[in-house]
Amino acid sequence: MSILNYHHPRSLAIFSLLILTIFFGCTTVGNIHQFRGKGTRATFKADYREVFEAAKEAATMQGLRIKEENFDGGYLVVGHGVSLMSWGELVGIYFDTTPDDKETSVEVISKAKVRTHIFAPKWGDKFLETLRGLVREGR
């Protein structure tokens, strides 16, 4: 006897929903970039390199692992695995500098790996608060 009875409408519906969620409802390292411009932002009176390096440290302090690092492209993608509250999250961290390189703007985008999961923590404010504690502004 099969676990799913493909002739029963409810089994077919559940199976179809599962497949759609797995293939189309997941945030990946590659598609988190599409949410740029929709995150939480803060500006730091510090140079790009210092803020970028501090962001890597802030991620590690919060138990996030670096999935993708692109210094020249101005972003980090970090993530958190499965926990009691979530199936995991991806966090995109994007950096922009002012023309004089005296300030660096940081945008944090937090997305659950599985979109149907509503209990995933929002990392934006929490991450920026940690980052602010690490960056020495106005030097």
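A short reminder: the numbers here are calculations on the coordinates, not readings from a lab. Worth saying up front: this structure is predicted, and the values here are computed from it rather than measured.
Miscellaneous remarks
- Listed by chain and number, the aspartates and glutamates whose C-alpha is less than 13 Å from the C-alpha of residue 56, apart from same-chain residues fewer than 8 away, are 68, 69.
- Of all aspartates and glutamates in the structure, the ones whose alpha carbon falls short of 17 Å from that of residue 38, not counting any fewer than 8 places away in one chain, are 89, 96, 107, 125.
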